[in-house]
1. How long are the semi-axes of the equivalent ellipsoid of chain A, taking √(5λ) for every eigenvalue λ of the Cα gyration tensor, in whole Å from largest down?
2. Report, largest value first, the span of the C-alpha coordinates of the protein assembly as shown along each principal axis, in whole Å.
3. List the residues, sorted by chain then number, that are 5 or more residues from B:ILE51 or on another chain and whose placed amide H is less than 5 Å from its amide H.
4. Run the quick spin-label model on A:ASP38 and D:ARG7: label points 7 Å from Cα toward the beta carbon, then report their separation in nm to one decimal.
5. How big is the D/A interface in buried accessible area, both sides summed, 1.4 Å probe, to the nearest 100 Å²?
6. Partner chain Cβ atoms within 10 Å, averaged over the residues of G:52-63 - can you pull that number for me?
7. Could you give the nm distance between label points at G:ASP27 and D:GLN29, where each point is 7 Å from its Cα heading toward the beta carbon?
8. Could you give each residue of the range F:52-62 its phi-based ³J(HN,Hα) in whole Hz, using Karplus coefficients 6.51, -1.76, 1.60 with θ = phi - 60°, and x for Gly or Pro?
Amino acid sequence: MVNGIERPLDLLNNSKGKEVLVQLKGDKQIVGTLLAFDIHINLVLDNIKEIEGGEVKRNLGLGFLRGDTIIFISPSSTSLKKD
Amino acid sequence: MVNGIERPLDLLNNSKGKEVLVQLKGDKQIVGTLLAFDIHINLVLDNIKEIEGGEVKRNLGLGFLRGDTIIFISPSSTSLKKD
Amino acid sequence: MVNGIERPLDLLNNSKGKEVLVQLKGDKQIVGTLLAFDIHINLVLDNIKEIEGGEVKRNLGLGFLRGDTIIFISPSSTSLKKD
Amino acid sequence: MVNGIERPLDLLNNSKGKEVLVQLKGDKQIVGTLLAFDIHINLVLDNIKEIEGGEVKRNLGLGFLRGDTIIFISPSSTSLKKD
Amino acid sequence: MVNGIERPLDLLNNSKGKEVLVQLKGDKQIVGTLLAFDIHINLVLDNIKEIEGGEVKRNLGLGFLRGDTIIFISPSSTSLKKD
Amino acid sequence: MVNGIERPLDLLNNSKGKEVLVQLKGDKQIVGTLLAFDIHINLVLDNIKEIEGGEVKRNLGLGFLRGDTIIFISPSSTSLKKD
Amino acid sequence: MVNGIERPLDLLNNSKGKEVLVQLKGDKQIVGTLLAFDIHINLVLDNIKEIEGGEVKRNLGLGFLRGDTIIFISPSSTSLKKD
């Protein structure tokens, strides 16, 4: 069904250049295009949108997210397909 | 009764390809098929469902979960069998 | 009175195959049979019961508990004997 | 679209000498000119402004920010362009 | 006045086999006989009593306490002597 | 404009012997003369004043601050200049 | 003005055998005579007094304090001199 994911970071590698949904601690959500990540799960996203209650609260363009505030990261396409 | 579990990560290894229930800090619950994990307990799950009050709140497809927000991980079949 | 415990992990080693009470941060309690542990105090328990207000809230079967959410672990027999 | 960002710290490197928006834990926001950073995401900013509710609360000039209180860092120009 | 304590762990070493008061984060208190400790300040105590508002709330017998929930550890005799 | 700051700790080094404003987690503020620091951002300050609501709450003289409670450190002169 | 403090731990070394005020996370205060410390800022204090609202709440004699709950440590004499 899902191929080529042997280690968790493989999913992030497969998601480069794609839109991802990032759930942060404290009920914040970020949507953006994944440009880069490292082993601390620090991310660089482009076209960042802060989401609150299903609505876009703020457009932030390019940004760096520190890994330790992240709960989960999900490629948006898989989310949209099943919602 | 339960064989082949000498170290905690053995249970995660045995659960690959199976549905697991993941309890997160802050009373969030996630159900999904375990595809990959690492020593930080970072997980990749497929067919992710966020559960709230026993109901599916959101379908997220494929996703990466950071280990440090996880309280426990339980293979769903053992849960269903005994409830 | 208590023999053979020179280092804290010796108690966990002596408790393998026995029921233990695990107190988690945020006032959650878990009872289960200890199958495995590691130096991070990650645990695998079988026959897990979530306890709330002295009552079983949920049966979860087999599960993996992350060490960093644990406050204390106590073999149930020593608890029952003295209550 | 965005070139030369292979690792997350590349974005910080590209942002040296430019104004960045820093979102801190606990809903604090800081705007300032990025002078230096390290692998812990400790930052030195100049012309620091604390922002609250979209208004400047305090001017702090030069300052050192500890990395572990940071949620995200965004170059201001990309933010202004799309707001 | 107090001899033989050059490093903090010397106090724990001197307290082996004696009753200690352990103050945990979140206003929990534990009294028990110290059997073992390690450099993470993980403890094994026997005859554990949970104390709340100066009263014994629960007897837990033998138990393992994770070091990272501990605020301070005080040999009970020195406490009783001066109260 | 600001010279000689290539790494974040350079700012702390430049601030030795000068008054700094230290913002702590939990809305505490400390003002004092920076005497020493290390890579954990542990600080020693002299003439420490705890500030609350813009007023001096307590004078503490000399003191050691643990790095992990610090949000930011700002040389006071740059702050006063722009307030 | 203050001599011989090149690194933060020098202040703790100079304070051995003297009374110190220790501010803990969660608004707890401890006063006691510093007997020992280590690089984690774990402390052993004697004649410990818990302070609440400027009053002694509890006398605890000798005790071990874990470094990670400490905000600051101040030799009492410098505090008394300037209050």
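The values are calculated or read from the model by the stated rules, or taken from the named source; none is laboratory data. Because the structure is predicted, anything quoted here is derived from the model rather than measured. So basically every Cβ, Gly included, is an ideal-geometry build from the backbone, and we count neighbours across all protein chains shown. Calculation scope for accessible area: heavy atoms of the full protein, side chains included, ligands and nucleic acids excluded. Shrake-Rupley method; radii C 1.70, N 1.55, O 1.52, S 1.80 Å.
1. Computed over chain A, the values are 20, 15, 12 Å.
2. 71, 71, 31
3. B:GLN29, B:ILE30, B:VAL31, B:LYS57
4. 0.6
5. In total, chains D and A hide about 2100 Å² from solvent.
6. Going residue by residue through G:52-63 and averaging, the value is 5.
7. About 3.0 nm, to one decimal.
8. 9, x, x, 10, 6, 8, 7, 9, 10, x, 8
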